[in-house]
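Comments concern the structure below.
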Amino acid sequence: MDFSPTPEQRAIQELAREFAEAEIAPQAAQWDRHHTFPVEVVAKLGELGLLGVCVPEELGGAGADFLSYILVLEELSRADAGVGVTVAVHTSAVTLPILAFGTEEQRQRFVPDLASGRVLGAFALTEPGSGSDAGALRTAAVREEDGWRLDGSKQWITNGSHAGTFLVFARTDPATTGTSGVSAFLVDGRDVEVTREEEKLGLNSSSTADIRLDGVLVGEDRLLHEENRGFRVAMVTLDGGRIGIAAQAVGIAQAAYDTARAYALEREQFGTRLADIQAIQFKLADMATEIAAARALTHRAAWLKQNGLPHTVEGAQAKLFASSVARRQTGEAIQVLGGYGYTKEFPVERYYRDAKVTEIYEGTSEIQRLVIARRLLSEQAEPSLASSARSGA
Ligand code: CAA
C-alpha cells in the first residue's frame, strides 16, 4: 500500500492549488454574494487543462489519472465549492461517460471541446417528479425517421445556463415506467431552453437551472450507448461522480478547518490564545481526524475506479462520510470563530452553506446508504467487501 502521490499527481495538485489560491479564493466571497458564475475563471481552468484532467491527451485532455482529477477537485473546492461542482459535473458526469460509452465518432466530436473548456457539459437526469427515484423520469424520446424527438423538463441542472453539451436521459420505450426503457442522448445547448435559474442556500457561483426540451430533434448519432440501456449509463456515471462530490466535501471541510486553525492561533480570550484552550484543541483534533478519514475513503474509491475495479459501494461510502464530515465540521468551524463565524467577515458561514448540498446531490445520504446496504446484503457481495470482511476491516 502506497499512500504517497506520484510526482505527476503532486504536480497537477500544486497547479490546481496555486491557481485556486491566486484566482479563485480571493473572489469567492464576491461571487457568492452576487451570485456570479465566473465565466473567465472557468475559461482559464480550460486553458490550464483542469477541465480535462483525466482525459487522454489525444482527445485534448491533460492525460492524468482519475486520482489526479480528484486531487484537483479538492483544491478547487477548498477555494470555492461552486467552481468545484462546475468542474465535477462537467468532467465526471459528461466527459467521462462519453469516453466510457461513446462511439469513436462521438468521442472525437465531443470530448476535445469539453476537455479544453471550449464547451461546458451538463448532466440532465433529474426532473420535477423524479429526484431520488431517478428511474421515474418522464422526458420522452419518440422515434422519428432517422432519430428521436425529445420532449420534457429537467430540474436542478448544474451548469444548465452555460452548457453547450447536455447528457439527457429520456424514455425511449413508452411502454415502460421504471428504469428500463430509458436512453441517454447528447444534446446541443442551443436546442435546450433554460426556463429558470435556481436560487440556492449556497454554491452561488455555480449555475443550477431548470431546462425544457421542446420537440428537440436528435439523430441516431446522438444516442449514447444502446437504446433502452441509458439507466445503466446514469448509474455508472454517478458511481464515479460521487467520488468527485466526496472530494468536493473534503475540500470544503479542509477550508473550514484551515480557517478555524488560523483563527484559534490568533484570537485571545481569557488571557490566552484559543489554541491553548483544550475545548478548542479537541475540536481541531476531531476536525483534522475526520477530514483525514474522509480523504482516505475518497482516495480509496478513486484508486479502485482508476484501476477498473468495482467502486459502487466505496464511492457511496466516500460520499456518505465526506459529506457528513463537511456538514458537521463546517458547523464546528463556525463554533470556533464564535460570533465572527456567523458573519460574512469570515468565509466559514459560506462553507457551512456550501457543505449541505453534498449530502443531497448526486444521490442523497439516504440513497448512498441504500446503495451500500443493497450490495452488502446481496448474495454476491463484491470481492473487496468480502476481503474486508475476512480481514476484519
Ligand atoms: N452500475 C451499473 N448498473 C446499475 C448500477 C450501477 N451502479 N445501479 C443500478 N444499475 C442497474 C441495475 O443493474 C438495473 O439493471 P437491469 O434493469 O438491467 O437489471 C437497473 O440499473 C435498475 O437498478 P435498480 O433496480 O437498482 O434501480 P432503482 O430504481 O431501485 O434505484 C437508485 C436505483 C440507486 C435508487 C437510483 O435511482 C439512484 O441512484 N437514485 C439517486 C439519483 C441521483 O443520484 N441523482 C443525482 C442527479 S445528478 C446530480 O446531482 C449532479 C449535480 O448536480 C451535482
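The values are calculated or read from the model by the stated rules, or taken from the named source; none is laboratory data. All of these numbers come straight from a predicted model, not from anything done at the bench. Cβ: placed from backbone, ideal geometry, glycine included. Neighbour counts: every protein chain shown.
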Just to check your reading of the model, which residue among 160, 202 is in contact with a Ser or Thr (Cβ under 8 Å, 6 or more places away or on another chain), part of a loop (DSSP other than H, G, I, E, B), closer than 21 Å to residue 39 by Cα and small (Gly, Ala, Ser)? 160
Out of (1) among the hydrophobic types (A, V, I, L, M, F, W, C); (2) exposed (fewer than 15 other Cβ atoms within 10 Å of the Cβ); (3) under 21 Å from residue 2 (Cα atoms), what's the single condition that is false for residue 282? (3)
Do the conditions hold for residue 239, that is, is it modelled with pLDDT of 95 or more, away from the ligand (no atom under 14 Å from the Cβ) and not basic (Lys, Arg)? no
I need the full set of residues from region 35-66 which are surrounded by fewer than 24 Cβ atoms within 10 Å (Cβ to Cβ), in a helix (DSSP H, G or I) and in contact (Cβ under 8 Å) with a residue 60 or more places away in the chain, in order please. 39, 42, 43, 46, 47, 66
Going by the structure shown, is residue 72 of a type outside the set (Gly, Ala, Ser), in contact with a helix residue (DSSP H, G or I) (Cβ under 6 Å, 6 or more places away or on another chain) and within 26 Å of residue 185 (Cβ to Cβ)? no
How about region 343-371: which of its residues are more than 13 Å from the ligand (Cβ to nearest atom), in a loop (DSSP other than H, G, I, E, B) and not polar (S, T, N, Q)? 344, 345, 346, 347
Is region 17-30 home to any residue that is polar (S, T, N, Q) and part of a loop (DSSP other than H, G, I, E, B)? no
Is one or more of the residues making up region 193-200 buried (at least 21 other Cβ atoms within 10 Å of the Cβ) and touching a residue at least 24 places away in the same chain (Cβ under 8 Å)? no
Restricting to helices (runs of 4 or more DSSP H) lying wholly in region 69-142: which have 3 or more residues that are not hydrophobic (A, V, I, L, M, F, W, C)? 81-90, 104-116
Scan (1) more than 29 Å from residue 156 (Cβ to Cβ); (2) out of contact with any Pro (no Cβ under 9 Å at 6 or more places or on another chain); (3) modelled with pLDDT of 95 or more for the single condition residue 309 breaks and write down its number. (2)
Yes or no: region 167-174 includes at least one residue that is within 15 Å of the ligand (Cβ to nearest atom), among the polar types (S, T, N, Q), modelled with pLDDT of 95 or more and in a strand (DSSP E or B). no
Answer yes or no as to whether residue 379 is more than 28 Å from residue 124 (Cα to Cα), more than 15 Å from the chain's Cα centre (by Cα) and either modelled with pLDDT of 95 or more or in the same structural domain as residue 156 (by TED's automatic domain parsing) (or both). no
Please count how many residues of region 121-137 are surrounded by fewer than 16 Cβ atoms within 10 Å (Cβ to Cβ) and either among the aliphatic types (A, V, I, L, M) or in contact with a strand residue (DSSP E or B) (Cβ under 6 Å, 6 or more places away or on another chain) (or both). 2
